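Accompanying notes for the structure given below.
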Amino acid sequence: MLLDLHDNFLETKIINSNVFYKEELESTNIEARKLINKYGIVTCDKQTHGHGRHGRKWISTPYKDLAFTVIVPDECNINGQNLVDIACESIVLNLQKLDVQSKIKYPNDIYVEDRKIAGVLCEQIVTDKITAPIIGIGINVNSNLDDLKLVKDKLYTSLFIELREKTNRKKLLKNVVEKIDDIIQTQVYQ
């Protein structure tokens, strides 16, 4: 099922609520670099070449998982690792609301016990006119065990495996981004 997204479905104060959606992208981070001054979120249903730290491949099951990038306005003046921490905290809090107990595995992963469920990657984008950090996020949402067999380097899980039911990806995306925005607000306006 395709994500049904439109501009202003997000209720954010710092992050631009405009959403760039395309059914298939090479990488949401790569696309965010091109769209950095127009959008707040870049997402797709099928990411073909997602990556994590040190160029490690990130596999998102098409039409089942979440792959998205949050473009953070540079005027927030928050460093990269702090943004990763904010994104990780947001994911953990949202999983907790779904009764999935998870923890942050420093510096940028989310685990349920010994199984990875999400990853975060922060990159600083510098162009002639703008400098801004972007946060790439991948969350295993509705993947099943067969889907995750494609990933051999670590043990993985998904919300579907943990909860034994499907999770609404659009709602989870909205909740994670809005929580990131809330946390940034508390840090910027202290």
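Take the Cα of residue 185, go 7 Å toward its beta carbon, and the backbone nitrogen atoms of the range 77-102 under 16 Å from that spot belong to 90. Pairing the Cα long axis of helix 169-188 with the longest principal axis of the chain, what angle in degrees results, from 0 to 90 and rounded to the nearest 10? Value to nearest ten degrees: 40. The residues of the chain expose on average 52 square angstrom of accessible surface per residue, using a 1.4 Å probe on protein heavy atoms. 3J(HN,Hα) along the range 63-77: 6, 10, 10, 10, 9, 8, 10, 9, 9, 9, x, 4, 5, 5, 6 Hz, from the Karplus curve 6.51 cos²θ - 1.76 cosθ + 1.60 with θ = phi - 60°, whole Hz, x for Gly and Pro. Relative contact order of the chain, taken over Cα pairs closer than 8 Å and 6 or more residues apart, is 22 percent.
Sorting 9, 160 by solvent-accessible area of protein heavy atoms yields 160, 9, largest first, with a 1.4 Å probe. If you model the chain as an ellipsoid using its alpha carbon gyration tensor, with each semi-axis the square root of five times an eigenvalue, the axes come out at 24, 18, 16 Å, biggest first.
The values are calculated or read from the model by the stated rules, or taken from the named source; none is laboratory data. As the structure is a computational prediction, the values presented were derived from the model and not from experiment. A quick note on method: Cβ atoms are made from the backbone with ideal geometry, for glycine too, and the neighbour counts reach across all protein chains shown. Accessible surface is based on the protein model in full, side chains and every heavy atom, while ligands, DNA and RNA are left aside. Shrake-Rupley method; radii C 1.70, N 1.55, O 1.52, S 1.80 Å.
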